[in-house]
Amino acid sequence: MTSTLYKLCGGEEDCNVPVLKEAIESLSRAAESRELQTAGHGDLVARYTEVIARALGLSSEETADLVYAARVHDVGKIFIPERILNKPGPLSDEEFQQVRMHAHVGAEIVGTIPNSDLMREAIEHHHQHFDGTGYPDGLRGEEIPLWARIIGLTDAYANMVTEQSFARGQDAGTSS
């Protein structure tokens, strides 16, 4: 997948970043469409993220990049089988491991955008928990990149205020 996106970009100097970003947004919307009751989740997380970014006084460029990362934070779910995304009960350890990979895969996809290190890092780590129990690296506290903390917070809030079905008790299951 990432090799195709790199080809679409045509190299860092020649890259048509808006086209690449739109392609990634399309993948993210496709991933959302495969999961029951998640339509608009990325947009909702992006809206909450923008409120926080502005309150923190981030620059307009930083805010735009952070909001984009929030919008596509679950793009890596495009590779998770629908039977897992929509499983009504608890996930097996193997299934949960597949779900956990979405953050890393999403980071790789967003990493095809030139100068996207902060966005990539935010997506990779948006499931880290302040107490170190999150994934993929068990980072804790301020070790977790600020943008990842913001997306993790707004993702959790969006899940709490909407009627999303997910495997409870397993780090919010597949809905994040």
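The values are calculated or read from the model by the stated rules, or taken from the named source; none is laboratory data. In this text the structure is predicted, and so the values were computed from the model without any measurement. Glycine also receives a Cβ, built like all others from the backbone with ideal geometry; neighbour counts cover every protein chain displayed. The accessibility values were calculated without ligands, DNA or RNA, using every heavy atom of the protein model including side chains. Shrake-Rupley method; radii C 1.70, N 1.55, O 1.52, S 1.80 Å.
What are the residues in the stretch 133-154 that are outside any helix (DSSP H, G or I) and either loosely packed, with under 14 Cβ neighbours inside 10 Å or within 16 Å of the chain's Cα centre (by Cα) (or both), if any?
The initial filter retains those residues of the stretch 133-154 that are outside any helix (DSSP H, G or I), namely 133-140, 144-145.
Result: THR133, GLY134, TYR135, PRO136, ASP137, GLY138, ILE144, PRO145.
Looking at ILE84, ILE78, ILE24, which one is surrounded by 13 or more Cβ atoms within 10 Å (Cβ to Cβ), modelled with pLDDT of 95 or more and over 17 Å from the mean Cα position of the chain (by Cα)?
ILE84
Give the residues of the stretch 50-64 that are assigned to a loop (DSSP other than H, G, I, E, B), loosely packed, with under 14 Cβ neighbours inside 10 Å and not hydroxyl-bearing (Ser, Thr, Tyr), sorted by residue number.
Applying the first criterion (assigned to a loop (DSSP other than H, G, I, E, B)) to the stretch 50-64 yields 56-59.
Applying the additional criterion that residues be loosely packed, with under 14 Cβ neighbours inside 10 Å yields 56-57, 59.
LEU56, GLY57, listed by residue number.
If I filter the stretch 30-49 down to residues being outside any helix (DSSP H, G or I) and free of Cβ contacts under 8 Å to residues at least 60 places away in the same chain, which single residue comes out as most open to solvent (accessible area, probe 1.4 Å)?
Within the stretch 30-49, the match that is most open to solvent (accessible area, probe 1.4 Å) is ALA39.
Looking at GLY40, is it modelled with pLDDT under 95 and not basic (Lys, Arg)?
Numbers: modelled with pLDDT under 95: yes; not basic (Lys, Arg): yes.
So GLY40 fits the description; yes.
Regarding SER165, is this residue in a loop (DSSP other than H, G, I, E, B) and either closer than 30 Å to VAL19 by Cβ or at pLDDT 95 or above (or both)? Even if it seems obvious, please write down each step before you answer.
Working: in a loop (DSSP other than H, G, I, E, B): yes; either closer than 30 Å to VAL19 by Cβ or at pLDDT 95 or above (or both): no.
The answer is no for SER165.
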